[in-house]
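First comes the structure, then the notes that go with it.
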Amino acid sequence: MDYDLSMSRPQRITLILAAGWLTGLVVQLVIGITTGYADIFPPQMLLGLGLCLGAGFRERRVRPMRTWRSGARAGATMMLFLIGPYLILTALILTPSADMGGETWWTLLLEAPLWVGITFGSGALAGVIGWRIGAR
């Protein structure tokens, strides 16, 4: 049997996005276990915004007749896929506590409004930019 292993452009973009997401997760896990902190560093932020941009780009390539709102939705959804595992990682693996000096439940509660507004807003904006780039 002869198998065709070639991928379409949206499949390649999806594979790149999945590899970037997995890379970010592994880096966050290693940093969290070695330092005890669940902090996110600037290169990880740039990776996250790049993934949101890529999600908007992919959305435009897969569904070209949609509006820019679909790019915003794709970017915000990617941000959800970035923040969800981070919260689970913080809750289960890093066991937040005040005596550890790292992330605690209180600091997560304090940061939550910023995460919702700034994080999802920037993810949606990056998705729209990626959607616009995908139009070219």
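Bear in mind these aren't lab numbers, they're just calculated from the coordinates by the rules spelled out. The model shown is predicted, which means the values in this text are computed figures rather than measured ones. Note: ideal-geometry Cβ built from the backbone for every residue, glycine included; neighbour counts use all protein chains shown.
Report, to the nearest 10°, how far helix 120-134 tilts away from the longest principal axis of the Cα atoms in the chain, using its own Cα long axis and a range of 0 to 90°.
20 degrees
Relative to the present Cα-Cα distance, how much length would full extension add between L92 and L25 at 0.36 nm per residue of separation?
Answer, rounded to one decimal: 22.7 nm.
Please work out the Kirkwood hydrodynamic radius for the range 30-84, using every pair of different C-alpha atoms, and report it in angstroms with one decimal place.
Details: mean 1/r = 0.0810 Å⁻¹.
The answer is 12.4 Å.
Using +1 at the Cβ of each Lys and Arg and -1 at the Cβ of each Asp and Glu in the chain, identify which of M7, L108, Y37 lies farthest towards the dipole's positive end.
It is M7, whose Cα lies furthest towards the positive end.
Which of rounded, prolate, oblate describes the range 9-134, given a ≥ b ≥ c as roots of the alpha-carbon gyration tensor eigenvalues and a/c under 1.5 marking rounded, otherwise prolate only if a/b is larger than b/c?
Prolate, because a/c is 1.5 or more and a/b exceeds b/c.
When the chain is treated as a GNM, springs tying every alpha-carbon pair under 10 Å, which of L47, L80, L110 comes out with the largest mean-square fluctuation?
Between L47, L80, L110, it is L110 that shows the largest mean-square fluctuation.
Could you work out the helix-only [θ] at 222 nm for the chain, with each DSSP H run of four or more residues adding -39,500 (n - 2.57) and the total divided by the number of residues, to the nearest 500 deg cm²/dmol?
Working: 5 runs with 98 residues, N = 136.
One gets -24500 deg cm²/dmol as the mean residue ellipticity at 222 nm.
So how strong a dipole does the chain carry about its Cα centre when Lys and Arg Cβ are +1 and Asp and Glu Cβ are -1, to the nearest 20 debye?
980 debye
I'd like the FRET efficiency for W106 and M45, computed as 1/(1 + (r/R0)^6) with the beta carbon distance as r and R0 of 22 Å, rounded to 0.05.
Numbers: r = 23 Å, r/R0 = 1.03.
The computed FRET efficiency comes out at 0.45.
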